[in-house]
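Any read-out appearing in this document is the output of simple, stated calculations on the displayed coordinates, not a laboratory observation. Given the structure is predicted, the values throughout are model-derived calculations rather than measurements. Note that each Cβ is placed from the backbone with ideal geometry, even for glycine, and that neighbours are counted across all protein chains shown.
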Amino acid sequence: MLPYLQRTSVTGPSSLDNRTWAAAWGLVLLASGLSATWPARALDLDAGDYVAAPAGTTLGLLYLQGAERDRLYRAGHSLPDAPGLDSEIGILRLVHYSDIGSFRVAPQVLLPFGRLDGRQGLGDSSGLADPILAMPLWLINEPERRRYLGITPYLFLPLGEYDADDDLNLGENRWKLNVQGAYVTGLTDNLSLDLAADVMFYGRNNHYGSGRWTQRQKPSYQYQGFLRYQLTPQADVRAGLSWLDGGASRVDDLQLDDRQETGKWNLGFSWFFLPKTQVAATYGRDFAVENGFREEHRLNIRLMQVF
């Protein structure tokens, strides 16, 4: 634990020397996932993401995400006079389903962009985040039994907006690799269960803290589960839980002691309001935070066009 964070406001350096203050900001940003901004805390799924579409299908998706964070936690305790953060993030995603031998795959590209608005001197940032390349592969694809098992590698390219002198950045200036596995099965005629787990590996950022230090981070793990109830062939309602763990980081030889233990719930729906056009929306918030910002409110809206 870094005791100076309890004694000093996070809005300015006070009497801290530059190295200690940079480490303090590193704790604030890394513990809250803001050095990554999106998707900073592993990869959140939508219910039904691992239901494979027929080969030859192309999907175009637009995600809009808004979140408010009013409280900052350290070792499970809310820090007084800490800054808040609002974010407005969009993602463009293009997916194409095809077959390789007997396996269904879906190569895709994701382009995140948006804006971060900090409070109490935290600053702001806008522009492009790090692009992502991915390709799910289904080991089980049994639509007649509503049963699917897939694994997806996600590669994050360090091409987003990044300035080592800024407190907030949309890019991370480091490579990341996320490996995710998910299983989907029908429980009744209308009820389905989605389960997923992933691990995120982080490369080094050699230009951290005004470019003078190196940031390293241990792997983080996320576990997600959803129940989906099909109201009609065109519409469903869904509820989910997720838990994020791990991801402790350090700057040079300074351990930040910022291991993540964050739980979140969400509720939502999806609706094909046109034969090939779907809208999905979920609302959620954190119910447990060990280190970092607590999301008081998050609204996700997804528009999907089938080609």
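Just rank 218, 276, 264, 176, fewest to most, by other beta-carbon atoms within 10 angstrom. Write down the numbers at each step before the final one.
On the way: 218 13, 276 10, 264 22, 176 19.
So the residues, fewest neighbours to most, are 276, 218, 176, 264.
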On a 0 to 90° scale, report how tilted helix 18-32 is relative to the longest principal axis of the chain, with both axes built from alpha carbons and the result rounded to the nearest 10. 20 degrees
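Counting only other residues whose beta carbon sits under 13 Å from that of residue 59, what net charge do I get with K and R as +1, D and E as -1?
Numbers: positive: 93, 276, 302; negative: 46, 49.
Around residue 59, the surrounding residues sum to +1.
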Where does the charge balance sit around residue 227 when Lys and Arg score +1, Asp and Glu -1, over other residues with C-beta under 12 Å from its C-beta? 0
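Scaled to the compact-protein estimate 2.2 N^0.38 Å, what is the alpha-carbon radius of gyration of region 161-307, rounded to two decimal places? All intermediate terms of the calculation are to be shown ahead of the outcome.
On the way: Rg = 18.9 Å, N = 147, 2.2 N^0.38 = 14.7 Å.
Expressed relative to 2.2 N^0.38 Å, the Cα Rg reads 1.29.
Taking the Cβ of each residue in 45, 195 as the centre, tally the other Cβ atoms inside 10 Å and list the residues starting with the fewest.
Working: 45 20, 195 15.
With the fewest neighbours first, 45, 195 line up as 195, 45.
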To the nearest 500 deg cm²/dmol, what mean residue ellipticity at 222 nm is calculated for the chain from DSSP H runs of n ≥ 4 alone, each contributing -39,500 (n - 2.57), summed and divided by the residues? -2000 deg cm²/dmol
